[in-house]
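Each reported figure results from applying straightforward, stated rules to the coordinates on display, with no laboratory input. No experiment lies behind these values; they were computed from the predicted model shown. Quick reminder, even Gly has a Cβ in these numbers, built from the backbone with ideal geometry, and neighbours come from all protein chains shown.
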Amino acid sequence: MAALFRLLLLRTKELLQGSELVKIAQNLDQSLEDRLVSVLVRQNPSDLNNLYVECCKREVASKRIQSLFEDQLTQGPTPNQVLFKEGDLVEVSFSGNIHFEDRTPRLLTYHSNLTSPRFLSGIKEVDGFAQNALDNYRGTMRLRLIERPYKPPNKFLALADPNRHRTSIASTDTGFICEFPITLPKVFIFHLLL
């Protein structure tokens, strides 16, 4: 297999030292690879056991939310913004009292020019007797990069809002990019004795 090389030409006003030029080229190359992505999680109020997850460009997130709203996918946490590279493989799993029926995480692949919508079905509670005081089951949906560690740049760390749900900044040591709070309704079945 032939090796691929990339050529980056920089035009500067004055002659720079080699170390400065290398630093500029590395920062420029890094900024061209990274994509600021909005992660959308939505549920249909009539069928909360199915989730819709999509990683889309930040610029089109509001349009996607509006089109999902028109498709009756109206409930869900606020979108989270993370940095992805083309072709990143993202694992979707749960913690808390919610899991997939088969307990196997699902995978998403991010491509900036392709939509990556994914319906996640077969979501159920772990323990039906837990969280008795609540009207629903609560858990957390977690996204984690598979093939590389997630390290947000310093300029992205300043965008984090500590009052929102946990962001990637709080969980870089565990490998999770972001976490979303998820609720499932409790279904009560009453048996009549005759």
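Amide H contacts under 5 Å for THR74: GLN43, restricted to partners 5 or more places along the chain or on a different chain, H placed in the peptide plane at 1.01 Å from N.
For segment 1-118, the relative contact order comes to 25 percent (Cα pairs under 8 Å, sequence separation of at least 6).
Ranked by the mean number of other Cβ atoms within 10 Å per residue, highest first, peptides 130-137, 83-90 order as 83-90, 130-137.
Annotation: amide H of ILE177 within the under-5 Å range of LEU143, ARG144, LEU145, sequence separation 5 or more or interchain, hydrogens built in the peptide plane.
Once you have a ≥ b ≥ c as the square roots of the Cα gyration tensor eigenvalues for segment 1-82, tell me rounded if a/c is under 1.5, and otherwise prolate or oblate according to whether a/b is larger than b/c. Prolate. If R0 is 45 Å, the Cβ-Cβ spacing of ASN132 and GLN30 corresponds to a FRET efficiency of close to 0.35.
Spacing of the modelled spin labels on GLN72 and LYS57, each 7 Å from Cα toward Cβ, amounts to 3.1 nm.
Want the number for SER46 to LYS13: 0.36 nm per residue separation, take away the alpha-carbon distance, what's left? Intermediate results must be reported in sequence, preceding the final value.
On the way: separation 33, 0.36 × 33 = 11.88 nm, distance 6.10 nm.
So the extension gain works out to 5.8 nm.
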